[in-house]
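A short worksheet on the structure shown next.
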Amino acid sequence: MGLVIPFDPSGLPPAVVNAFDELIAHLQTRFAKFDFATKLALPFFANNMSGAVDLNATSGNVNRYVMPFNGSIIGMGVRMTGARTAGSIIFTPQINGTAPQPALNVTINAANTQTNFGTATKGILAFDAGEAIGVTTAFNGFTPTTSDADVIVIVEMSTGAVE
């Protein structure tokens, strides 16, 4: 698909029309080589955090999102519905069920009792098209066990060259 710009050349000198055509051809070449990236927020949740779990990605029993393009995890934010009163809980994004190394761990603990976040440099926590992104937890005596978790994983996907 090329760049389309409405242009009515009637009444213009041929040199102007040719210059405009050359400019459009140049822009089409430049855009065809440009790699567009897309950032997406993938929501996850879990109710009544009473033990280590894989968080749900949807309202059903699905706990991972399959990525349509190559990309990387660049951030994660966590919010608990109730403030921590004891223990800690560590949230870790996964690629195909395994935490990438180095791991991006976001911890709710005495210092961050209800919210916390973490970021990663693009390309460090890389995934390929077709791989699945999920979130798991490590539970260390966290209370209240009636607290729900909402997690957002931010991914940046390379959608490839625009044709």
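Sort through Gly82, Gly130, Gly87 and tell me the only one that's part of a strand (DSSP E or B) and not β-branched (Val, Ile, Thr).
The conditions single out Gly87.
Quick one: is Val17 among the aliphatic types (A, V, I, L, M) and modelled with pLDDT of 65 or more?
The answer is yes for Val17.
Just to be sure before I move on: is Val62 assigned by TED's automatic domain parsing to the domain that holds Ala41, surrounded by 18 or more Cβ atoms within 10 Å (Cβ to Cβ) and either in contact (Cβ under 8 Å) with a residue 60 or more places away in the chain or in a loop (DSSP other than H, G, I, E, B) (or both) in the structure I sent? Before the answer, list the steps.
Values: assigned by TED's automatic domain parsing to the domain that holds Ala41: yes; surrounded by 18 or more Cβ atoms within 10 Å (Cβ to Cβ): no; either in contact (Cβ under 8 Å) with a residue 60 or more places away in the chain or in a loop (DSSP other than H, G, I, E, B) (or both): yes.
Answer is no for this residue.
State the number of residues belonging to region 93-111 that are without any contact (Cβ under 8 Å) to a residue 24 or more places away in the chain, within 14 Å of Phe142 (Cα to Cα) and assigned to a loop (DSSP other than H, G, I, E, B).
Let us first name the residues in region 93-111 that are without any contact (Cβ under 8 Å) to a residue 24 or more places away in the chain, namely 98, 101-103, 105, 107, 111.
Checking which are within 14 Å of Phe142 (Cα to Cα) leaves us with 107, 111.
Add one more test, that the residue is assigned to a loop (DSSP other than H, G, I, E, B), and what stays is 111.
So the count comes out to 1.
Does Met1 count as over 13 Å from Val135 (Cβ atoms), surrounded by 17 or more Cβ atoms within 10 Å (Cβ to Cβ) and either at pLDDT below 85 or not polar (S, T, N, Q) (or both)?
Values: over 13 Å from Val135 (Cβ atoms): yes; surrounded by 17 or more Cβ atoms within 10 Å (Cβ to Cβ): no; either at pLDDT below 85 or not polar (S, T, N, Q) (or both): yes.
Against the criterion (over 13 Å from Val135 (Cβ atoms), surrounded by 17 or more Cβ atoms within 10 Å (Cβ to Cβ) and either at pLDDT below 85 or not polar (S, T, N, Q) (or both)), Met1 does not qualify.
Which condition number in (1) at pLDDT below 80; (2) within 24 Å of Asn112 (Cβ to Cβ) is the one that Pro43 fails?
The one condition Pro43 does not meet is (1).
Please verify whether Arg84 is touching a residue at least 40 places away in the same chain (Cβ under 8 Å), surrounded by fewer than 19 Cβ atoms within 10 Å (Cβ to Cβ) and within 18 Å of Ala110 (Cβ to Cβ), treating the condition exactly as stated.
Considered against the rule, which asks whether it is touching a residue at least 40 places away in the same chain (Cβ under 8 Å), surrounded by fewer than 19 Cβ atoms within 10 Å (Cβ to Cβ) and within 18 Å of Ala110 (Cβ to Cβ), Arg84 comes out as no.
Of the residues Phe142, Phe117, which is assigned by TED's automatic domain parsing to the domain that holds Asn47, crowded, with 19+ Cβ neighbours inside 10 Å and of a type outside the set (Gly, Ala, Ser)? Working first, answer last.
Working: Phe117 fails: crowded, with 19+ Cβ neighbours inside 10 Å.
Result of the check over Phe142, Phe117: Phe142.
Filter region 20-40 down to the residues that are surrounded by fewer than 12 Cβ atoms within 10 Å (Cβ to Cβ) and of a type in the set (Lys, Arg), then identify the one that is modelled with the lowest pLDDT.
Going through the qualifying residues, I end up with Lys33.
The values are calculated or read from the model by the stated rules, or taken from the named source; none is laboratory data. The structure displayed is predicted, hence computed values, not measured ones. Note that each Cβ is placed from the backbone with ideal geometry, even for glycine, and that neighbours are counted across all protein chains shown.
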